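Novice: Input: one structure, supplied below.
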Amino acid sequence: MIIVLQKDATEKQLQDIVKRVKSCGLEPHVIVGVARTVIGLVGDKQGLDPRVFESMPGVEKAVPIMAPYKLASRDAKAEDTVILVGNAVIGGEKPAYMAGPCAVESREQIMETAYAVKEAGASILRGGAFKPRTSPYSFQGLGEKGLQYLAEAGEAVGLPTVSEVVNPSDVDLVSQYVDILQIGARNMQNFALLRRVGQTRMPVLLKRGLSATIEEWLMAAEYIMSEGNYQVILCERGIRTFETATRNTLDVSAIALVRQLSHLPVVADPSHATGRRDLVVPAGCAAVAAGAQGLLVEVHPNPDAALSDGAQSLTPQQFRQMVRAVRLIAESIAPESADHWWNKNAV
Ligand code: PEP
Ligand code: MN
């Protein structure tokens with residue numbers, strides 16, 4: 001259930017409602033939007049009559065949310081969530097570009113990449129330090145050293161950073177170095193990890209699981225939000241299908257659908273979705289045309305020598321071309337913005 005406050009509700013009225021929610025054994029989540037403030041109620045609400053709240057001063061209405069994800073739902077917050085990280089805007093009108101190598105391999109490699117992607121238009125620098133590899137014998141990342149190099153490179157070029165955290169016990173460590181915590185596809189349903197990043201107040205980039213349904217993906221976001229961290233960025237990175245010609249299958253329609261279902265920013269990762277350098281640009285263009293508000297792209301100064309995911313890594317030059325193409329697409333659909341096709345009330 002959500003309680004929608006009247007536009008002129010006072011702080012005192014808000015606090016009284018919060019108190020009443022708690023006395024019903026529920027947890028209140030106050031979501032302040034531009035147009036209105038709502039309180040999301042989390043917990044077992046069986047048998048709870050909305051009139052308990054509707055009779056209170058300051059309340060406009062109390063409405064049940066049908067979707068199992070409550071805080072992530074568009075019904076809880078009509079307007080898009082916009083996440084600000086340094087100078088980067090994720091969920092705004094222009095796409096955000098998060099670019100960098102799959103893995104930080106050395107200080108020189110991440111420095112060189114950082115300068116190149118910044119120059120090409122990236123707003124966030126990516127680089128893995130803890131790599132969840134399919135094989136235990138593959139390069140596992142540089143760990144803390146990698147995070148240090150990433151932070152140093154981000155600072156040198158003035159870009160915020162994103163890197164994956166794999167273990168709940170590493171969340172504090174990774175948080176010291178990066179601006180956005182990434183939850184990888186393989187960990188999308190690692191509930192202990194989701195809760196742990198939910199306890200931070202860091203933006204979280206939540207990749208869709210390899211075989212996760214859209215509902216499971218949004219429920220994973222809900223785990224993070226239920227701990228009070230509302231800064232979640234959803235990332236479609238391709239799912240497993242019968243097709244083996246590409247590494248995964250980019251679920252383009254999921255991007256448009258999730259824009260309808262949730263207020264959270266949605267970005268796409270065409271690198272892991274395709275696994276092939278030659279398909280990264282078209283897949284990225286398609287994602288933005290479908291409503292993705294940003295792209296996560298693997299870029300390496302020398303992809304053929306990369307220690308991981310070289311086959312899907314773009315050169316800085318290719319990345320620059322991609323940004324140019326994607327900007328044109330984003331601009332060409334922008335005039336529609338208010339009535340976009342992911343706004344189901346507009347269709
Ligand atoms: C990555 O971004 O480097 C990564 C491992 O991605 P995913 O979790 O989507 O496979
Ligand atoms: Mn990778």
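The values are calculated or read from the model by the stated rules, or taken from the named source; none is laboratory data. Note that the structure is predicted; figures quoted are calculated from it, not measured. When we count neighbours, we look across all protein chains shown, and the Cβ atoms used for this are built from the backbone with ideal geometry, even at glycine. Note: accessible area is taken over every heavy atom of the protein model, side chains too, but ligands, DNA and RNA are not part of it. Shrake-Rupley method; radii C 1.70, N 1.55, O 1.52, S 1.80 Å.
Novice: Test of understanding: what is the full-extension gain from Val18 to Phe242, defined as 0.36 nm times their sequence separation minus their Cα-Cα distance?
Specialist: Numbers: separation 224, 0.36 × 224 = 80.64 nm, distance 4.87 nm.
That pair, Val18 and Phe242, stretches by 75.8 nm at full extension.
Novice: Also, I was wondering about something else. Summing +1 for each Lys or Arg and -1 for each Asp or Glu, what net charge is found among the other residues whose Cβ lies under 13 Å from the Cβ of Tyr69?
Specialist: -1
Novice: OK, next. Could you please state, rounded to a whole Å, how far the C-alpha centre of region 53-78 is from the C-alpha centre of region 260-326?
Specialist: If we compute the Cα centre of each part, the gap is 36 Å.
Novice: Using a 1.4 Å probe on the protein chains only, how many percent of the accessible area of the chain belongs to carbon and sulfur?
Specialist: Percent of accessible area from carbon and sulfur atoms in the chain: 52.
Novice: Right, another one. Quick one: compute the contact order of region 1-135, relative version, from alpha carbon pairs under 8 angstrom and 6+ residues apart, as a percent.
Specialist: 21 percent
Novice: Quick one: accessible surface of Phe139, probe radius 1.4 Å, all protein chains present, in square angstrom to the nearest 10.
Specialist: For Phe139, the solvent-accessible surface is approximately 50 Å².
Novice: Follow-up. To make sure I understand the rule: partners must be aspartates and glutamates, Cα under 15 Å from the Cα of Lys45, and not fewer than 8 residues away in the same chain. Which ones qualify?
Specialist: Glu27
Novice: Separate question: For Asp75, Asp8, Asp16, Asp251, give the ranking by accessible area with the largest first, probe 1.4 Å.
Specialist: If we order Asp75, Asp8, Asp16, Asp251 from most to least accessible, we get Asp8, Asp75, Asp16, Asp251.
Novice: Oh, and also: Using 0.36 nm per residue of separation minus the Cα-Cα distance, give me the extension gain between Glu215 and Gln6 in nm, one decimal.
Specialist: Details: separation 209, 0.36 × 209 = 75.24 nm, distance 3.06 nm.
Gain on stretching Glu215 to Gln6: 72.2 nm.
Novice: Would you mind giving the three semi-axes, in whole Å and largest first, of the ellipsoid equivalent to the chain according to its Cα gyration tensor?
Specialist: Listed largest to smallest, the semi-axes of the chain are 37, 21, 18 Å.
Novice: A further question follows. Could you report the accessible area of Lys145 in Å², rounded to 10, computed with a 1.4 Å probe on the protein chains as they sit in the structure?
Specialist: 100 Å²
Novice: If you average the alpha carbon positions of region 211-229 and of region 136-206, how far apart do those two centres end up, in angstrom?
Specialist: Here the two parts' Cα centres lie 18 Å apart.
Novice: Can you give me the three principal axis dimensions of region 2-63 from its C-alpha atoms, in Å, biggest first?
Specialist: Principal extents (largest minus smallest coordinate, Cα): 29, 20, 19 Å.
Novice: Report, for the chain, the % of DSSP beta bridges that are antiparallel, rounded to 5.
Specialist: For the chain, the DSSP antiparallel bridge percentage is about 40.
Novice: At 1.4 Å probe radius, can you tell me the per residue accessible area of the chain in Å²?
Specialist: Normalised by residue count, the accessible surface of the chain is 43 Å².
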